Structures are given as structure tokens and as C-alpha cells.
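Take a look at the structure below.
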Amino acid sequence: MIGQHVDAATLERVQALHSEQDYHVTPFESSALYAGQPTYIYHAAIRDPQNESRVVGGIGIVFDAAPEFAAMLKGGLGDQADMQALFVDRSGRVISSTDPTRPVGSVLALDAGLSQLPNGESASRIVVHDGQYAIMGCTVSCGYREFKVSDGYNEDVLAIVFKFLAKCGIAQVRVPEPRRFSRPT
């Protein structure tokens with residue numbers, strides 16, 4: 001990518017960063033920096049050492065989205081074949097998925113209750129998903145340390161998991177014992 005330039009909107013945002021702690025993240029979208037695949041790119045300003053207020057350049061760190069998100073989802077499911085997991089944005093656009101029928105960029109239909117959950121909150125219910133009864137669990141991102149908490153960056157991600165119980169129409173559905181979930185402190 002030597003000799004290539006970032007788009008004007010990104011350049012403008014990087015030049016407007018106020019301190020060395022500030023950063024800009026692109027939306028989750030296709031990028032030439034990631035072989036045309038969707039990812040996040042984290043940008044920071046490079047400042048003049050003699051004049052901290054002067055931006056002399058920038059750096060972009062490309063998140064290796066495909067394998068990193070896939071590892072997170074697969075790690076959460078373990079070896080359970082009767083489960084699927086997805087990361088989606090609030091509009092249901094798929095960021096990553098273990099479901100081959102819902103690739104990155106496709107849309108998972110979300111009811112308003114899930115898409116409007118506050119950050120850090122979770123919900124679960126019995127649903128019909130892809131012609132099967134399933135337990136669905138959903139949690140909305142709440143940030144990590146200072147990131148997405150106090151830095152002004154807002155790009156909510158919903159983690160959704162489906163545990164399949166039985167095909168629709170089967171008279172008896174075995175519902176597992178409820179589990180308690182505690183929020184990390």
C-alpha cells in the first residue's frame with residue numbers, strides 16, 4: 001500500500017484528533033487494506049515532537065477481522081454442534097457468523113427488543129429460528145477498559161447465540177434447566 005492515500009473523510013478525522021490518546025475507527029466495511037474484505041481500521045495521529053498540536057501523519061492498524069471474530073465465536077461454542085453464534089450490529093448486519101447461511105454482510109432479522117437493548121444488557125428467550133425451536137441469548141457490547149466506554153467511540157455489537165432444541169412441529173420440546181449469568185465486574 002506504499003504510496004496510497006487514505007480517503008479524505010478518514011484523513012480529516014485523524015487530523016482532528018486532539019491528543020495522543022484519541023483515535024478514529026472506520027465503520028465495519030470493505031477495505032483495500034484488508035483485501036477487499038470488511039474490517040475495522042484503527043487510526044491515530046502522528047504528531048510533531050516539537051509541536052504536539054501539529055499532526056504530521058497518521059497510522060492505521062487493520063484488525064484481522066475474519067479469523068479473530070471467528071475464533072471468538074467458535075471459542076464460545078466449543079464443540080457443540082447444535083449451536084450457532086453471530087456478531088451483528090444493531091441493524092442485524094452480520095459481522096461474523098458460525099452459520100454458513102448467514103455470511104458477513106447478510107442481515108439477521110432482529111426484533112426491536114433486541115436491537116434496542118442497552119449496552120451491557122442481555123436477553124434470552126425461546127424462539128423459532130430456521131424452522132427449529134431454539135434458545136436464543138443476546139448480549140450487547142459494553143466496551144473494554146476505556147475503549148467504547150469513555151472515549152467517545154460508539155459501534156455497538158450484539159453477540160447472539162442459538163441453541164437448537166427440536167424442529168418445529170415436534171410435540172415435545174426438551175427445555176434445558178435455566179442457568180444464571182452474571183455480568184463481569
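For the peptides 130-137, 27-34, what is the packing order when you average, over each peptide's residues, the other Cβ atoms within 10 Å and list the highest mean first? Mind showing how you got there, number by number?
On the way: 130-137: 16.5, 27-34: 14.6.
Ranked by mean Cβ neighbours within 10 Å, highest first: 130-137, 27-34.
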Could you pull out which residues in the stretch 36-65 have an amide N less than 16 Å from a spot 7 Å beyond the Cα of residue 16, following the Cα-Cβ vector? 43-45, 55
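Taking only C-alpha pairs under 8 Å that are 6+ residues apart, what is the relative contact order of the stretch 1-74 in percent?
Numbers: 98 pairs, mean separation 17.3, N = 74.
So the answer I get is 23 percent.
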Count the net charge of all other residues whose Cβ sits under 15 Å from the Cβ of residue 6, scoring Lys and Arg as +1 and Asp and Glu as -1. -2
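For the stretch 9-109, what is the accessible area per residue in Å², given a 1.4 Å probe and the full set of protein chains?
Values: 5860 Å² over 101 residues.
Accessible area per residue, the stretch 9-109: 58 Å².
Just need the relative contact order of the chain here, percent rounded to a whole number, with Cα pairs under 8 Å and 6+ apart.
Details: 292 pairs, mean separation 25.3, N = 185.
Reported as a whole number, the value is 14 percent.
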Taking the Cβ of residue 48 as the center, what net charge do the other residues with Cβ under 13 Å away carry, scoring Lys and Arg +1 and Asp and Glu -1? 0
Quick one: what do you get for the chain if you divide its Cα Rg by 2.2 N^0.38 Å? 1.25
Over the Cα atoms of the stretch 19-115, compute the convex hull volume and normalise it per residue, giving Å³. 136
Can you tell me the 0 to 90 degree angle between the C-alpha axis of helix 65-77 and the longest principal axis of the chain, rounded to 10? 30
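Pop out the carbon and sulfur fraction of the accessible area of the stretch 59-164 as a percent, whole number, probe 1.4 Å.
Details: 3220 of 5690 Å².
Here it works out to 57 percent.
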May I have the extent of the alpha carbons of the stretch 53-110 along their three principal axes, as whole Å values ordered from largest to smallest? 55, 25, 16
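The values are calculated or read from the model by the stated rules, or taken from the named source; none is laboratory data. Please read these numbers as outputs of a predicted model, since none were measured by experiment. Cβ sites come from the backbone with ideal geometry, for glycine too, and all protein chains shown count toward neighbours. Calculation scope for accessible area: heavy atoms of the full protein, side chains included, ligands and nucleic acids excluded. Shrake-Rupley method; radii C 1.70, N 1.55, O 1.52, S 1.80 Å.
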